[in-house]
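For reference, the structure is listed below as structure tokens.
The values are calculated or read from the model by the stated rules, or taken from the named source; none is laboratory data. Note that the structure is predicted; figures quoted are calculated from it, not measured. When we count neighbours, we look across all protein chains shown, and the Cβ atoms used for this are built from the backbone with ideal geometry, even at glycine. Surface areas here come from the heavy atoms of the whole protein model, side chains and all, with no ligands, DNA or RNA. Shrake-Rupley method; radii C 1.70, N 1.55, O 1.52, S 1.80 Å.
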Amino acid sequence: MSFTSNYTTLIFDIRDVLFSWPSPQTKTSISPKALGTNILSSPTWIDYERGRISQAECYARVGGEFSVDPTEVGRAFEEARDSVQPNEDLISVIRDLKARSNGMLRVFAMSNISAPDYEVLRTKPADWSLFDDIFISAVVGERKPTLGFYKAVLSSTRADPSRTIFMDAKTENVLSARSLGMHGIIFDDHPKVIRAIYNLLGDPVERGRQYLTLNAKKLQSVTDSGILLRDNFAQLLILETTRDRSLVDLPDTPRTWNFFQGKAVLCSTEDYPSDLETTSLGLTVINRPGDVAHSIMDEMLDYIDDDGIIQLCFDHRRPRFDPFCCVNILALFYSYGRGHQLDRTLHWIHEVLLHRAHLHGTQYYETPECFLYFLGRLLEISNDASLAAYLKPLLIERVQERIGAEGDATALSMRLRLCAYLGLRNEVDLHTLLPLQCEDGGWEIGWMYHFSSGIKIGNRGLTTSLAMKAIVEMKCLLALHPHHPHPEFPSLTGIHHRSISS
């Protein structure tokens, strides 16, 4: 995994992060609660960890305050120290990231601990060479969450708080770090913390690319119940987004395309007909001879209902239509200069957008972002000034209404790509998308379409490819034009405003 230089300093606690300290069990009369909570939070213990009193004085005071023999206090803490174990997984992750940073990442420890306890801790097996320096409360004379401790560490390390990650198990300690401008991570869930570190210190696009490469030809869709589903639609979208045929598993180019590869899954019939939408997507993503494409469009015109709406299936026994699907069919017709043949379908699509009929998805699609994204794709593929004048102003309004709305990784990626294409700054959704990257480099699955039964379908490969492009395009927009719309829109499809008509 490559390293990104957004953050150059990592500070974390020793006792509750680098080491795990289970609920302290001892053979003494002192209960775990008294040892782990009452004593450790007492004013006497705080003075001890600040280096203001000796160990003997501390144990004597604690014994008096809690009515126990000071010798018993010392024995209890000695037994508790023996249970401390190094967090090897976290140490390994940080060691790897530091090695890959080429000297850009510095690692420091900052811990509330007495001098005698720190001496004992240093005898534990751990990679202490990982640290550029270690700061303990007994030496600094300050204790977390007191701001003075943080300021002393920042001053000594000359670390830039805005480029510093602070990790601690206690919320109050993280809050103090955040108040000084550091990025705080609460060490409460080990897998979640490892994921957060990778996402903050790794290059999200490079990690995503590695995920796609590692899983090439295996980027299959899956239902929310865990059933694998082989479909052409997601594969075509991955291909359009990445322009890398080696990543996808697609059959030899047929005349018409079926949503499914092979037998239909979770449908009332295994003999599911080819459909106009997947065929339209296939013909715009994979170039076919013009005469073949025109003959297929001629056939499609036979599937228009009395309202002038293009239907979904190449089967007159299945009279179904969907506005989201219609947009992708329109994209095919406009790419060959035949959009006027579906003018009534286009008018209906405009009405759907105007009246926000897309906001709750459709019979087949899960989120409104699919509709908006496909409309942006239509505008780009068509490169038609009249069509842009008809749809684009309203599309911009509807996209602006969605910025900051809830959404999974697929919806956020589609929204961000569309914002970049339209020249709309969207830092809010970018900040939401980045933490959704998983430890393996791919993004969390997002639900794109569903069956009428309610079963949702998503594809991590598609989500990851969209997220990678969204990050690159939005960061480019934000960097080059921080206060103005982007004058040259990025490409949603890779076609770059060219017509493929013939």
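The table below lists the values:
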item: Any hit, segment 157-167, residues being touching a strand residue (DSSP E or B) at 6+ places or on another chain (Cβ under 9 Å), among the charged types (D, E, K, R), surrounded by 14 or more Cβ atoms within 10 Å (Cβ to Cβ) and touching a residue at least 24 places away in the same chain (Cβ under 8 Å); result: yes
item: Residues satisfying the stated conditions in segment 26-59, i.e. open to solvent by less than 50 Å² (accessible area, probe 1.4 Å), assigned to a helix (DSSP H, G or I) and modelled with pLDDT of 85 or more; result: Ile39, Thr44, Trp45, Ile46, Asp47, Tyr48, Glu49, Cys58, Tyr59
item: Top-ranked residue in segment 180-189 [being in a strand (DSSP E or B) and open to solvent by less than 30 Å² (accessible area, probe 1.4 Å); ranked as farthest from Val153 (Cα to Cα)]; result: Ile185
item: Subset of segment 279-300 [open to solvent by 50 Å² or more (accessible area, probe 1.4 Å) and not in a helix (DSSP H, G or I)]; result: Asn287, Arg288, Pro289
item: Odd one out for His360 among (1) under 22 Å from Asp302 (Cβ atoms); (2) surrounded by fewer than 22 Cβ atoms within 10 Å (Cβ to Cβ); result: (1)
item: Subset of segment 410-458 (residues that are of a type in the set (Gly, Ala, Ser) and buried (at least 19 other Cβ atoms within 10 Å of the Cβ)); result: Ala411, Ser413, Ala420, Gly441, Gly442, Gly446, Gly458
item: Residue satisfying all of: in segment 98-127; assigned to a helix (DSSP H, G or I) and of a type in the set (D, E, K, R); least open to solvent (accessible area, probe 1.4 Å) among these; result: Asp117
item: Filter result (open to solvent by 10 Å² or more (accessible area, probe 1.4 Å), touching a residue at least 24 places away in the same chain (Cβ under 8 Å) and either hydroxyl-bearing (Ser, Thr, Tyr) or in contact with a Gly (Cβ under 6 Å, 6 or more places away or on another chain) (or both)) within segment 60-90; result: Ser83
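Results for (1) of a type in the set (S, T, N, Q); (2) open to solvent by less than 40 Å² (accessible area, probe 1.4 Å); (3) outside any strand (DSSP E or B); (4) under 30 Å from Thr44 (Cα atoms), shown as yes or no for each residue.
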position: Asp96; (1), (2), (3), (4): no, no, yes, no
position: Ser129; (1), (2), (3), (4): yes, no, yes, no
position: Ile134; (1), (2), (3), (4): no, yes, no, yes
position: Val139; (1), (2), (3), (4): no, no, yes, yes
position: Leu175; (1), (2), (3), (4): no, no, yes, yes
position: Arg178; (1), (2), (3), (4): no, no, yes, yes
position: Pro191; (1), (2), (3), (4): no, no, yes, no
position: Ala196; (1), (2), (3), (4): no, yes, yes, no
